[in-house]
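A short reminder: the numbers here are calculations on the coordinates, not readings from a lab. What you see is a predicted model, and the numbers here were worked out from it, not measured in a lab. All Cβ positions, even for glycine, are placed from backbone atoms using ideal geometry, and neighbour counts span all protein chains on display.
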Amino acid sequence: MSVLPIVAWPDPRLKRICAPVERIDDALRQLVSDMFETMYDAPGRGLAAPQVGVMQRLFVMDATWKEGTRTPLACMNPEVAVLGEALSTNEEACLSIKGVAADVTRPNQIELTFTDIEGVRLSMILEGFAAICAQHECDHLDGRVIFDHLDDAARDALEAEYRAMTQ
């Protein structure tokens with residue numbers, strides 16, 4: 001296992017739509033392992049493949065590990081279905097956009113359908129922070145980051161803040 005370098009915004013890879021994972025092999029298993037190590041080291045709760053320069057529909061997450069219980073989840077070719085109409089706005093940060101956070105409004109409950117590392121297609125109901133985390137990581141697979149959820153004025157201000165911090 002190894003910690004991978006995290007791609008930083010505005011790298012163009014963070015704006016690209018990722019290709020489906022075609023097969024699960026030893027190389028993909030190693031990538032998933034390295035992504036978990038990178039995520040925990042960062043320390044984050046989710047990490048999408050494009051954040052480590054791999055343009056495939058894959059993310060890892062662990063919504064509970066900072067509270068003491070590890071619940072690692074690797075998701076290939078995920079799909080999100082919104083359940084209910086309830087929305088909430090929460091502050092979201094991103095490992096590719098260190099130092100800033102944005103208020104993002106998302107559905108409170110989703111059904112996440114994905115292929116696991118064993119090749120089994122699964123569905124699970126997620127709510128609260130786990131739902132937010134999964135939606136955030138799926139955004140990365142579609143070339144979206146937290147800035148893309150903001151109106152023009154808020155986006156410009158947050159981008160300027162980030163650029164000032166990284167220069």
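Compared with the alpha-carbon gap, the fully stretched path from S2 to A27 is longer by 7.7 nm at 0.36 nm per residue.
Pairwise Cα distances in region 1-92 exceed 22 Å for 33 percent of all pairs. With θ taken as phi - 60° and the Karplus curve 6.51 cos²θ - 1.76 cosθ + 1.60 applied, the whole-hertz 3J(HN,Hα) list for region 82-98 is 6, 10, x, 10, 5, 10, 9, 10, 9, 6, 10, 10, 8, 5, 8, 9, 4 Hz, x standing for glycine and proline. The 3J(HN,Hα) values that the Karplus relation (6.51, -1.76, 1.60; θ = phi - 60°) gives for region 24-41 are, in residue order, 9, 9, 4, 5, 5, 4, 5, 4, 4, 4, 5, 5, 4, 4, 5, 4, 5, 6 Hz. Gly and Pro appear as x. Considering only T105, C138, V7, the residue lying farthest towards the positive end of the dipole of the chain is V7, judged by Cα position with unit charges set on Cβ.
Using bins of 10 Å that start at zero, the share of Cα-Cα pairs per bin across the chain amounts to 10, 40, 38, 11, 1, in whole %. For the pair region 32-89 and region 143-163, the centres of their Cα atoms are 21 angstrom apart.
Measuring gaps between exposed loop sites in the chain (GluC sites (Glu not before Pro); DSSP loop; at most 15 other Cβ atoms within 10 Å), the longest gap, sites not included, is 23-84.
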